Every structure is written in structure tokens, then in C-alpha cells.
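**Q** This is the structure, below, for whatever I ask next.
The values are calculated or read from the model by the stated rules, or taken from the named source; none is laboratory data. In this text the structure is predicted, and so the values were computed from the model without any measurement. Quick reminder, even Gly has a Cβ in these numbers, built from the backbone with ideal geometry, and neighbours come from all protein chains shown. What goes into the accessible areas is simple: the full protein's heavy atoms, side chains included, and nothing from ligands, DNA or RNA. Shrake-Rupley method; radii C 1.70, N 1.55, O 1.52, S 1.80 Å.
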Amino acid sequence: MTTAIALAMAAGSFATYAHDPHETGRKAADGHAGGIASAPSEAVRADFDIVHTRISTEGRVATFHMAVSGKAGATRPAASGKLAGSEVFSYVWPTSIDPWEVGFDRGAGILALAVTAHPDFDDTPLYDENGDGILDNDGDVWHSHWVVLQPNPACGEGALAVVDIPEGAKPRLPKTWPGLPLLLDSPGWQPLLDDHTVEVRVPFDDVGVVTAGSFDGVTAGLRVNASVHAPLLCVVDVFKVASGDLGLPGKAE
């Protein structure tokens, strides 16, 4: 599956950026020790220009961390007023963790933690992120998801998609699944966006699945299918890949 991700991200128009080994030492000296250091790129919008990606653990909690060269979360998609064709911006940590560990079926695809914003729909029906007392109007507030990804040629050559749930299928799903026909969970872990960084603290029953696995970092744009039909949510634009080749080289600390 890791090979499938690498091929998917490298195919078509997806641009990847080479990892500069000298940058690792510079970033470590700046306080970004461990994880994956990435050279800044003028070709990438600064708030999605990854310079450091890390997962650290303390007790049963894993902290997913990403630093960018600009102000994290500064740009969100423009509202279109409709679900079909609407856009999603995201900070993503693809992992080698089996989706079973967070409530999906074993081997369902590539498990990734994502911090997303999308003004045209709300997919966190249990939570009121903007605090206005209404649960279904705050998709434009940065929030977290578990997503399961697989290559899907219907999204374009070499493209990835969030895995659809076919009509009538009954896959294993987390308790906080938001009801969309996708392998997507809305666990309610509030991301912290502070200056150049995005962080999410995630509890695990067994944090060993994190330390035994590997990870990478990606910033990307997704789009809801214009027909609102399978595939429902496609990755259409990869802004940057932390490792350069999505080889999942990161190891949790």
C-alpha cells in the first residue's frame, strides 16, 4: 500500500519536492528536532509549505505536529454555496497504522490524520466548533478527521480518494463516524494552529501502534465530486509532501 501511495502521488500533475539532507541539521538547530525536515519551497503557498513533520508520544497520547514556512491555516477554500464541486484544504499525516486501530476494517486502505477546512459543508455533526449553538454550520473552522485513502482512477490518473462506502455495505466504523458514505471519522480532537504550526493531540488505547509505525506529511486540496457520487471526495491537488516521495520515513518519538 505504501508503494501505491508513492506511485499515486508521483503520477500525473502531482508535484513533489526533494528532501534536502542539509536542511535537517538546520531545522534541528531551530528547535525542529526529530521527525522529517523539508526544505522550504517558493513554489508552494507559504501556509502549506511544509518544513517539519513529527509525531511524538507521551503516555497514551500522540501529538501530530506540522510546521510550515508561513502562517498555518491562513488560507481556506472560497465558499461556492453548494456541496457539488466544493473544495477542502488539508494538513495530512499519512501513516502505516492499520485502520482497524481507530475503528475501521483491517487493511481498508491508508490511514491518515487530517486537519481540514471546507466552508460548503459540515462533517462534524457532534461538535460546535464555532460556539454559536448550531452543530452543522462550522465546516470552515479547522477540525480533525481520520480518513482512509486508496488510489482511485475515477479521480484522475494516479489520484487518491477517501474510500467510499457503497450503498448497502456495512463496514466496521468508529462510533464518531459522521454519517457520510465515506471511511471518515470525526473524533472531535481540536487542532491547535499557532503561528507556523499545526498540532493535534490524539489518545490511543495502545500507543505502541504509533511508535511501531511510520508516517509522512502532506498538504493538499480535495474536491467533492461534481455529481456528488462515488468517488465522493478526491485528492485533486498535492501542495507538498514532507519526504518528497511519500515513502513514510518518519518514526514517532
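**Q** For an R0 of 30 angstrom, estimate the FRET efficiency from the Cβ-Cβ distance between Glu42 and Ala154 and round to the nearest 0.05.
**A** The value I calculate is 0.35.
**Q** For Val238, which sequence-distant residues (separation of 5 or more, or a different chain) have an amide H within less than 5 Å of its own amide H, given hydrogens modelled in the peptide plane?
**A** Ala15, Gly221
**Q** Another one. When the accessible area of the chain is computed with all protein chains present and a 1.4 Å probe, what percentage of it is carbon and sulfur? Could the numbers behind the result be given before it?
**A** Details: 5810 of 11050 Å².
The value for the chain is 53 percent carbon and sulfur by accessible area.
**Q** Shifting gears a bit: Using modelled backbone amide H atoms (1.01 Å from N, in-plane), which distant-in-sequence or interchain residues come within less than 5 Å of Val51's amide H?
**A** Ala67, Val68, Ser69
**Q** Given Cα pairs under 8 Å that are at least 6 residues apart, what percent is the relative contact order of the chain? Show your work: numbers first, answer last.
**A** Details: 662 pairs, mean separation 70.2, N = 253.
That works out to 28 percent.
**Q** Student exercise: in the chain, how many lysine pairs 8 or more apart or on different chains have Cα atoms under 18 Å apart?
**A** Summing the qualifying lysine pairs gives 4.
**Q** Determine by what factor the alpha-carbon radius of gyration of the range 109-170 differs from 2.2 N^0.38 Å, reporting the quotient.
**A** On the way: Rg = 14.1 Å, N = 62, 2.2 N^0.38 = 10.6 Å.
Relative to the rule-of-thumb radius for its length, the range 109-170 sits at 1.34.
**Q** Also, I was wondering about something else. Just check the chain against the gyration tensor rule for me: Cα atoms, a ≥ b ≥ c as the square roots of the eigenvalues, rounded for a/c under 1.5, and otherwise prolate or oblate depending on whether a/b exceeds b/c.
**A** On the way: a/c = 1.32, a/b = 1.29, b/c = 1.03.
Judged from the Cα gyration tensor, the chain comes out rounded (a/c under 1.5).
**Q** Something else: Using only the Cα atoms, work out Rg/Rh for the range 119-253, with Rh taken as the Kirkwood radius, to two decimals. Let's see the in-between values first.
**A** Working: Rg = 16.0 Å, Rh = 16.7 Å.
Dividing the radius of gyration by the Kirkwood radius yields 0.95.
**Q** Taking the alpha carbon gyration tensor of the range 180-235, what are the square roots of 5 times its eigenvalues, largest first, to the nearest whole Å? The partial results should precede the final answer.
**A** Numbers: eigenvalues 139, 58, 32 Å².
Semi-axes, largest first: 26, 17, 13 Å.
**Q** May I ask for the distance between the Cα centers of the range 165-193 and the range 140-159, given as a whole number of Å?
**A** 13 Å
**Q** Ordering Trp100, Trp142 from largest to smallest accessible area (1.4 angstrom probe), what's the sequence? Let's see the in-between values first.
**A** Values: Trp100 85, Trp142 15 Å².
Putting Trp100, Trp142 in descending order of accessible area: Trp100, Trp142.
**Q** Which value, in Å², gives the accessible area per residue of the chain when a 1.4 Å probe is used on the protein heavy atoms?
**A** Values: 11050 Å² over 253 residues.
So the chain comes to 44 Å² accessible per residue, rounded to a whole number.
**Q** Step through the residues of the range 214-226 one at a time and calculate ³J(HN,Hα) from phi using the Karplus curve (6.51 cos²θ - 1.76 cosθ + 1.60, θ = phi - 60°), rounding each to whole Hz and writing x for Gly and Pro.
**A** 9, 8, 9, x, 9, 10, 7, x, 10, 9, 6, 4, 4
**Q** A follow-up question, please. To the nearest 10 Å², what's Asp185's accessible area with a 1.4 Å probe?
**A** The accessible area comes out at roughly 10 Å².
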